[in-house]
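Trainee: Got a structure here, written out as structure tokens. Questions coming.
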Amino acid sequence: MTYEEARAFIAGTSVYGLRPGLDCIREMLRRLGNPQDDLKFIHIAGTNGKGSTLAYISTVLKEAGYRTGRYSSPAIYSYREQIQVNEEAISREELARLTEEIRKAGREMLAEGLAHPTSFEVETILAFLYFREKKCDLVVLETGMGGQMDATNVVNTTLVSVLTPISMDHMGFLGNTLGEIAAAKAGIIKPGCHVASACQKPEAAAVIEETCRQKGCRLRETDLGEIRDAVYGWERQSFSYRQYRNLEIPLAGACQIENAALAVEALEALKDLGYEIPERALQKGLAGTVWKGRFAVIAQNPLFILDGAHNRDAADRLRESIELYFPGRRLIYIMGVLADKEYDYIAGCLAPLAAQIFTVETPDNLRALPARALAEAVAPYNPHVQAAESLAEAGKLAREAAGPEDVIIAFGSLSYLGELNRLVNSEARDTEISG
């Protein structure tokens with residue numbers, strides 16, 4: 001099997017859709033020797049901030065000398081970036097070889113009349129096989145959606161369960177109240193494990209506390225009052241937290257200091273379990289963390305920023321960041337969302353701040369909201385909106401509309417940000433060559 005054949009096979013498993021329950025993935029893992037049972041996990045669930053929290057934790061653990069696997073989704077720039085060991089992505093050859101093992105097991109299951117794992121289940125199995133093969137000391141594992149019934153929740157060797165801020169999202173799958181959604185997310189908490197939680201809304205906090213009580217888990221919660229000396233900036237930020245002073249992070253966004261504080265709580269929980277994480281590793285790991293697509297600057301003059309704000313809470317956080325970093329600056333938006341998101345709320349929150357908005361349809365996604373439909377939803381909040389025919393056109397129109405001191409912000413679905421980044425930087429290289 002070649003890499004291209006492996007990618008085609010994984011994409012083809014999308015025909016199996018979304019299936020409730022974990023029986024199917026458990027059956028395939030059993031046939032493949034239950035690789036997840038040979039690993040130890042830091043398991044992360046929540047609505048927003050999962051990826052950056054994962055990046056902080058895994059980078060610090062690498063700096064502390066642990067062979068650290070990390071599994072996150074969706075990919076932004078490269079498909080293989082979802083599965084990494086010590087920040088190096090799985091190779092094309094390794095991905096193809098392990099996918100062939102999965103395909104053989106899948107054929108056996110179909111021949112026996114059993115269901116076949118879905119795309120996300122296949123990717124999760126692939127990650128487990130790779131991490132076992134690489135003999136990872138620890139794996140930082142991000143849920144796809146939810147927690148209790150998420151494919152990643154087949155693991156039973158969780159050391160620390162981490163819960164990032166929980167808000168309303170995926171209501172059709174997880175529940176219609178914050179308490180129901182929190183219960184789904186708290187499903188990753190295993191009996192006796194340690195738990196690190198962000199500062200939650202009262203309804204979600206109550207669910208997490210009760211789950212920890214029932215399962216005999218020690219709970220650590222981010223204390224916002226312990227965040228001191230915070231210095232915000234879109235290029236670099238710093239803060240002190242509990243006993244740690246002058247922690248630097250390169251990730252921008254008003255929420256990132258809180259995400260980093262949560263990562264510190266998770267790392268302290270690991271220290272409680274006997275893992276050695278020197279302060280120098282914490283300092284160096286936080287300062288060296290890379291996480292793409294979240295308030296990421298991809299060009300200058302004008303400033304061009306990508307942000308994966310695709311739900312209610314993320315929109316609120318993006319607005320906080322805009323008001324914090326760019327008061328009085330003229331803003332140009334590129335906006336693309338999925339049809340099952342609360343795009344009307346996102347538009348109402350962010351559109352009034354912009355001088356001009358260009359909407360796009362996220363490519364190659366059946367759930368994408370058409371650009372014209374999104375423009376119609378935005379228009380009541382800002383009449384200066386135009387539907388673009390393509391990502392390339394949106395990038396071109398945004399740059400033409402922006403002066404050197406203006407700020408272009410592309411946000412919404414993570415699925416189009418990587419392609420937009422490639423287009424913008426390709427255009428910049430072409431301009432330099434022609435100039």
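What follows is calculated from the coordinates using simple rules that are stated; it is not laboratory data. Just so we're clear, the structure is a prediction, and the values are computed from it rather than from any experiment. Cβ placement follows ideal geometry from the backbone for every residue including glycine, while neighbour counts extend to all protein chains displayed.
Trainee: Within straight cross-link reach of Lys50, meaning Cα distance under 29 Å, which lysines are found once same-chain residues fewer than 8 apart are removed?
Mentor: Of all the lysines, those that pass the test against Lys50 - Cα under 29 Å, at least 8 places apart if same chain - are Lys40, Lys62, Lys134, Lys135, Lys185, Lys190, Lys201, Lys215, Lys271, Lys284, Lys292, Lys341.
Trainee: Oh, and also: Could you tell me which helices of the chain pass both thresholds, a Cα extent of 18 Å or more along their own axis and a mean Kyte-Doolittle hydropathy of at least 0.5, with helices taken as whole DSSP H runs?
Mentor: 119-133
Trainee: Once you have a ≥ b ≥ c as the square roots of the Cα gyration tensor eigenvalues for segment 296-434, tell me rounded if a/c is under 1.5, and otherwise prolate or oblate according to whether a/b is larger than b/c.
Mentor: oblate
Trainee: Another one. Over segment 155-224, what is the relative contact order in percent, taking alpha-carbon pairs closer than 8 angstrom and at least six residues apart?
Mentor: Normalised by residue count, the contact order of segment 155-224 is 34 percent.
Trainee: Please tell me the relative contact order of the chain in percent, rounded to the nearest whole number, where contacts are Cα pairs under 8 Å and at least six residues apart.
Mentor: 15
Trainee: Next question, about the same structure. Sticking with the crude label model, points 7 Å out along Cα→Cβ, report the distance from Arg367 to Arg330 in nm, one decimal please.
Mentor: It is 3.6 nm.
Trainee: Let me know the charge dipole size of segment 281-435 about its Cα centre in debye, to the nearest 20, where only the beta-carbon of Lys, Arg (+1) and Asp, Glu (-1) is charged.
Mentor: Once rounded to the nearest 20, the dipole reads 400 debye.
Trainee: What ranking of His310, His384 emerges when the number of other C-beta atoms within 10 Å of each C-beta is taken as an exposure proxy, fewest first?
Mentor: Ordered by Cβ neighbours within 10 Å, fewest first: His384, His310.
Trainee: Under 15 Å from the Cβ of Ala296, count the other residues' Cβ atoms, weight Lys and Arg +1, Asp and Glu -1, and hand me the total.
Mentor: Within the 15 Å Cβ shell, the charges total +1.
Trainee: Can you give me the C-alpha center-to-center distance between segment 256-334 and segment 349-376, rounded to a whole angstrom?
Mentor: 24
Trainee: Provide Phe131, Phe326 in ascending order of the number of other Cβ atoms located within 10 Å of each residue's Cβ, fewest first.
Mentor: So the residues, fewest neighbours to most, are Phe326, Phe131.
Trainee: What number, in nm² with one decimal, is the all-direction average of the projected area of the convex hull of the alpha-carbon atoms of the chain?
Mentor: 21.1
Trainee: I've got another one for you. For segment 1-58, state what percent of all Cα-Cα pairs lands in each successive 5 Å bin, counting from 0 Å until the bin that includes the largest distance.
Mentor: 4, 12, 12, 14, 23, 25, 9, 0
Trainee: Once you sort the root eigenvalues of the Cα gyration tensor of segment 86-162 as a ≥ b ≥ c, which label holds: rounded (a/c under 1.5), prolate (a/b larger than b/c) or oblate (the other case)?
Mentor: Oblate, because a/c is 1.5 or more while a/b does not exceed b/c.
Trainee: I would also like to ask the following. I'd like the isolated cysteines in the chain, meaning no second cysteine's beta-carbon lies under 4.7 angstrom from theirs.
Mentor: Within the chain, the cysteines lacking a partner Cβ under 4.7 Å are Cys24, Cys136, Cys193, Cys199, Cys255, Cys349.
Trainee: Would you calculate, for the chain, the mean residue ellipticity at 222 nm contributed by helices, counting each DSSP H stretch of 4 or more residues as -39,500 (n - 2.57) and dividing by all residues, to the nearest 500?
Mentor: One gets -13000 deg cm²/dmol as the mean residue ellipticity at 222 nm.
Trainee: Lys and Arg at +1, Asp and Glu at -1: add these up for the other residues within a Cβ distance under 15 Å of Leu18 and post the number.
Mentor: -3
Trainee: Looking at segment 208-295, which GluC sites (Glu not before Pro) are in a loop (DSSP not H, G, I, E or B) and have at most 10 other Cβ atoms within 10 Å?
Mentor: Answer in residue order: Glu235, Glu276.
Trainee: For a footprinting-style exposure proxy, rank Leu110, Leu163 by other Cβ within 10 Å, fewest first.
Mentor: Ranking Leu110, Leu163 by Cβ neighbours within 10 Å, fewest first, gives Leu110, Leu163.
Trainee: Now a separate question. Give me the percent of DSSP beta bridges within segment 3-287 that run antiparallel, rounded to the nearest 5.
Mentor: 35
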